[in-house]
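Any read-out appearing in this document is the output of simple, stated calculations on the displayed coordinates, not a laboratory observation. Since this is a predicted model, take the numbers as computed values, not measurements. Don't worry about glycine lacking a Cβ; one is built from the backbone with ideal geometry, like all the others, and counts go over all protein chains shown.
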Amino acid sequence: MNVIYVLWLREIKRYLRSRAQIIGSLAQPALYLLVLGFGFGAVFQQAGQGSYLQFIAPGIIAMGILFTSVFSGIGLLWDRQFGFLKETLVAPVPRLTIMAGRTLGGATIAIIQGTLVLAVCILVGFRPESWAAVPVALLFMALIAVVFAALGTAIGSTLKDMQGFQLIMNFLIMPIFFLSGALFPLDNLPGPLHVATRLDPLAYGVDGLRGAFIGVNHIGVLLDVSVLVVLSGLFLVLGAWAFSKIQV
């Protein structure tokens, strides 16, 4: 447990020291909120869907968590390049413990990032339907963070260079975001697109956040939670297996 705590704390400190990273990671969510939230607001309202800012805000929060948690896997590549990973792996502790500490650190950072994005959403006019549902929203934020932090660790464990990681992330993360329903309703989609959204893990997180914040669910809270819990366990096992295969 001490090793998990040390690695978790190291990840948090590394994040908090990088003020430029914190500020820069808020730029894209703010851009989506301001440009899309207000730009498409009139069209969305004319279609009888209400406020587009209210609709898009949970999806933007999920986006902030997604990018932060997955890209926490880049830390593995930095540590491998500068030798810290080798020092960690030769320590007399199970690799599963090391992986758990890093993953929890990445997930915690993603939750902090999601909370900062939520604050930005509130500043530009977003209002949850009920503040009493915020703890439920935090639960979904935590599940999204664990799922994709574990996935980022699994991917980072199999790669040895930054170029490969960036390439995979661009081909994987952008489709996950755009198919999640963060920017558009999931009602009345064409068949293939409907299937693709159901295969997207983030879709269940976005649906859960939207249900908690504004009371709008398309999939269902119980199914959202069940899928995210199962996927978090699956990706943690996958990440642990990939991490155990790293050569010192």
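Laid out as a table, the results:
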item	result
Val216 long-range amide H proximity, modeled H, under 5 Å	Gly211
Extended-chain gain in nm, criterion 0.36 nm per residue less alpha-carbon gap, Asn170 and Ala133	10.0 nm
R0 of 45 Å, Cβ-Cβ distance Asn217-Asp161: FRET efficiency to nearest 0.05	0.60
13 Å beta-carbon shell around Phe55, net charge (K/R +1, D/E -1)	-1
Pairwise label distance in nanometres, Val230 with Val124, each label 7 Å out on the Cα-Cβ vector	3.4
Relative exposure of Arg127, Arg80, judged by other C-beta atoms within 10 Å (fewest first)	Arg127, Arg80
